[in-house]
Amino acid sequence: MPPGSSRAVTPLDDDDYPAYTMGRAADMLGTTPAFLRALGEHRLITPLRSEGGHRRYSRYQLRIAARARELVDQGTPIEAACRIIVLEDQLEEAQRINEQMRTQGSEPQSKTSA
């Protein structure tokens with residue numbers, strides 16, 4: 001149990017735990033299994049596989065799939081939606097790193113030649 005916690009942590013507390021079958025994931029997102037397979041084909045999400053070879057999705061992957069569905073529902077082609085989500089993720093990571101560097105007083109120094 002983590003310090004200060006009154007209950008045990010289970011795999012379902014883990015956003016990356018592959019808890020959802022393809023059918024359940026599709027139901028939760030209001031989409032089809034084919035849509036989830038397409039996201040995999042475009043390498044936006046890669047579900048883990050059960051011992052029987054069935055796709056299993058995590059809550060984190062479902063959030064990504066929900067964002068993709070939102071973009072597709074707005075008329076964005078699935079290929080473009082996947083690319084947009086990857087770019088949004090990269091931008092968020094870059095902003096996080098920049099903020100971390102600012103708070104640590106480690107602003108990048110510009111290189112100048114003499």
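In segment 32-56, the residues that are on the phi < 0 side of the Ramachandran plot reach residues that are part of a loop (DSSP other than H, G, I, E, B) with C-beta atoms within less than 6 angstrom, at least six apart or across chains, in these pairs: Leu39/Ile45; Leu48/Pro18; Arg55/Pro47; Arg56/Pro18; Arg56/Pro47; Arg56/Ser50.
Out of all the residues in segment 2-14, is one or more in contact with a strand residue (DSSP E or B) (Cβ under 6 Å, 6 or more places away or on another chain) and either modelled with pLDDT of 95 or more or charged (D, E, K, R) (or both)?
Here is the first cut: in segment 2-14, the residues in contact with a strand residue (DSSP E or B) (Cβ under 6 Å, 6 or more places away or on another chain) are none.
Scanning segment 2-14 turns up no residue that is in contact with a strand residue (DSSP E or B) (Cβ under 6 Å, 6 or more places away or on another chain) and either modelled with pLDDT of 95 or more or charged (D, E, K, R) (or both).
The values are calculated or read from the model by the stated rules, or taken from the named source; none is laboratory data. Computed from a predicted model, the values in this text were never measured in an experiment. Note: ideal-geometry Cβ built from the backbone for every residue, glycine included; neighbour counts use all protein chains shown.
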